[in-house]
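Chemist: Questions regarding the structure given below will be posed in turn.
The values are calculated or read from the model by the stated rules, or taken from the named source; none is laboratory data. None of these values were measured; they are calculated from a predicted model. As a convention, Cβ positions derive from the backbone with ideal geometry for all residues, glycine included, and neighbour counts pool all protein chains shown.
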Amino acid sequence: KRFINRPIVELEIAAGEQQKITELRLAKLFAEKGRNASKIVTASNEVAPVQLTDRRLSQIGGHLSSSGGGLEHAPLHSLSRTRPPITTHVLDVSHGKPGAGIEVLLESWKGPSAAPGTFPSLRDAIGWTWVGSSTTDDDGRCGSLMPVMDHVPAGLYRINFNT
């Protein structure tokens, strides 16, 4: 037996470690943006490295919630979204092609406790609130699950795939 913990505990630990890695990478990206701010030099119509960095930071900032996950000190640019902030794409790995015609449901946690339990229960089922639903197209892309907005309300979200 390789692991002492149950599989769900190992998954939670792995997810926590992945979150730490992502936070470190984002912190490094924001720090590099600050160092590159003094390097705005363009001799022709080329896009300056800072402009590329700003564009990428805007894209990343668009995926972060208003709470920022510990990056409150990092200034985010004004965003004008053209798509909803939560999207998904379904791939049918058994056939090696997009998953077309799959119903997708987005829910947010509004239950009495701060978070649902590790194992689903009837109490937890009552705490999930419908946000939106859609069906994937021929490319496996999901339609709008929520309205277009610049800031996602902080909280827990889950996506269900009706397969």
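Chemist: Which residue is modelled with the lowest pLDDT, if the candidates are limited to the stretch 73-109 and must be assigned to a loop (DSSP other than H, G, I, E, B) and of a type in the set (Ser, Thr, Tyr)?
Modeler: Filtering the stretch 73-109 for residues that are assigned to a loop (DSSP other than H, G, I, E, B) and of a type in the set (Ser, Thr, Tyr), the one modelled with the lowest pLDDT comes out as SER78.
Chemist: Which one of these does ARG123 not meet: (1) part of a loop (DSSP other than H, G, I, E, B); (2) at pLDDT below 85?
Modeler: (1)
Chemist: List the residue pairs whose Cβ atoms are under 7 Å apart, where the first residue sits in the stretch 1-15 and is modelled with pLDDT of 80 or more and of a type outside the set (Ser, Thr, Tyr), the second is loosely packed, with under 11 Cβ neighbours inside 10 Å and assigned to a loop (DSSP other than H, G, I, E, B), and the two are 6 or more positions apart or on different chains.
Modeler: So the pair list comes out as GLU10/PHE3.
Chemist: Additional query: Can you name the number of the only condition in (1) part of a loop (DSSP other than H, G, I, E, B); (2) at pLDDT below 65 that GLY69 fails?
Modeler: GLY69 satisfies every listed condition except (1).
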